[in-house]
Amino acid sequence: MKIVIAGAGKVGRTVANELSSEGHDLTLIDQNARVLEEVQVEYDVITLQGNSASKETLDAADIEHSDVLIAVTDMDEVNLLSCITAHALNPAIHTIARIRNPEYVEQAYSMRNIFSLSLVVNPERQAAMEIARLLRYPGFLKRESFVKARVEIVELKVNEGSRLCNVKLSELSGVTRAKVLICVVLRNGEAIMPSGDFTLKAGDRIFVTGESQQLHSMLTHIGIINMPVRHVIITGGGRISYYLAQELHKANIATSIIDNNLKKCEQLTEQLPYATIINADVSDRNALESEEIGDYDAFVSMTGMDELNIVTSLYASMMKVPQIVTKLGRGEDSDLVSNMPIGSVVCPKELCTMHIVRYVRGMQNKKGAALTIHRIADGKVEAIEFKVEDTTKHIGDALKNISVKKNILIVSIGHGNNTEIPSGNSTFKNGDTVVVIARRGALIHQLNDIFEA
């Protein structure tokens, strides 16, 4: 497809990297010539210097013959105007706009038709929703939902002394007493799709598939007690904190926010009357000590500096805070901190990018397109959900008789309201949902792509 990306910031570059690797014809617009020179060195894209909201620039980008415009500049107004102008020049184009300002978000969602928007993305809001979900249902480092939230892939770390330590996967059910499947193990930076004779070791990060109830049963039997979160303390008073406080308030979870900017604290006090706003510098250990953060149920570090977020999360771990969430602006650093006790890691840039990529992939082949796509194992593996359709191969065939491509695994089959962790005798029929995992780069656009024949 022919795709135009407006804005060469973090999200724009990451989206360009993802989509160029899938063979799309990309044009990247930005007003900064130096940034465009860097992009040309890194990615296989055409670059164009100019204002993406102007007709002249969009004409130069051949918007009339493009399939998608992805507007992710630093200004919401430019993103909106870019989409409106592009749609006027090409009514068939799909437009995606990043809208970050809370004053515009609801308006953009409710008036998408007027603004000619096919999709609205908000990295901060997406990150807040992800963090809220982790806090409402504690016990896992990450959790991705499929089959209308009936099936999940969750992440756990095997710590020294864990009941999972030195357990062979063929003996897993005797320890967890739950119907779950360990589909990926991340060990020393390598993503492994393990067989039954694989033995878990301390330090492994494991990705487990199963129904929500079965996964929580597993937590109980391996000795992880997931106490409900009642009071959360957040460092950093940015947009994510604002959205997160709103979500936690809906769940009756008390929230305290620390920020060193007095003006921002005063603004948050007006916007979030139900939250406790504290004006203090979290880079000063005395400030954290005075707040006695060890008394909170959860600690969320969300300043604008990754290094500060990591350090404060390490301090929270030292204070034995039961649940910790760390925001990283640079998702590519997640493997460097994977062995640090900083709890769950959330990267708004990656969440936003995958939302956009999922939409573009769905455009390529609406019939048979993926329902959901999630990145797991530090982005080395994709978990993809499909609906079985009348054109799907091997309907009714037992899985043991189906040849699936290398490094691809079927991890769940949904039959209406029932789901199963598949065995060799399992089958799927028209209307079922199938979740597969595949190494990144496999380019699985529809379910038939996983089969050898």
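Odds and ends about this structure:
- Where labels lie 7 Å past Cα in the beta-carbon direction, separation of E266 and N113 in nm: 4.3 nm
- Full-extension gain in nm, K55 to R163, via 0.36 nm per residue minus C-alpha separation: 32.7 nm
- Of L308, L36, the sequence from fewest to most neighbouring Cβ atoms within 10 angstrom is L308, L36.
- For the pair Y274 and T220, the difference between a 0.36 nm per residue extended length and the Cα-Cα distance amounts to 16.1 nm.
- Helix-only mean residue ellipticity at 222 nm for the chain, each DSSP H run of n ≥ 4 adding -39500 (n - 2.57), per residue, nearest 500: -9000 deg cm²/dmol
- Net +/- balance of residues flanking R239 in space, Cβ distance below 10 Å, scoring K and R +1, D and E -1: +1
- With 20 Å as the limit on Cα-Cα distance, the pairs of K387/K429; K393/K429; K148/K327; K168/K380; K142/K400 that go past it are K148/K327; K168/K380; K142/K400.
- Counting DSSP beta bridges with both ends in the chain, the antiparallel % (nearest 5): 50 percent
- Here's the picture: charge each Lys and Arg Cβ at +1 and each Asp and Glu Cβ at -1 in region 228-350, and of L268, G329, I310 the one pushed furthest to the positive end of that dipole is L268.
- Ordering C352, C83 from the fewest to the most neighbouring beta carbons within 10 Å gives C352, C83.
- Rounded to the nearest 20 debye, dipole of the chain from Cβ charges on Lys, Arg, Asp, Glu: 1440 debye
- Label separation (N252 vs S283): 4.0 nm, computed from points 7 Å beyond Cα along the C-beta direction.
- Multiplying the residue separation of M129 and H231 by 0.36 nm and removing their Cα-Cα distance gives an extension gain of 35.0 nm.
- Label-point gap, in nm, between V175 and E103 - each point 7 angstrom along Cα→Cβ: 5.5 nm
- Listed cross-link partners K201/K320; K157/K405; K10/K320 are compared with a 32 Å cut-off, the Cα-Cα value being larger for K10/K320.
- Cα-based shape type of region 228-350, given that a ≥ b ≥ c are square roots of the gyration tensor eigenvalues and the cut on a/c is 1.5: rounded
- Packing-based exposure ordering (other Cβ within 10 Å, fewest first) of E130, E292, E420: E292, E420, E130
Here, each number is a calculation from the coordinates, and none is a lab measurement. All figures in this text were calculated on a predicted structure; none of them were measured in a lab. Glycine also receives a Cβ, built like all others from the backbone with ideal geometry; neighbour counts cover every protein chain displayed.
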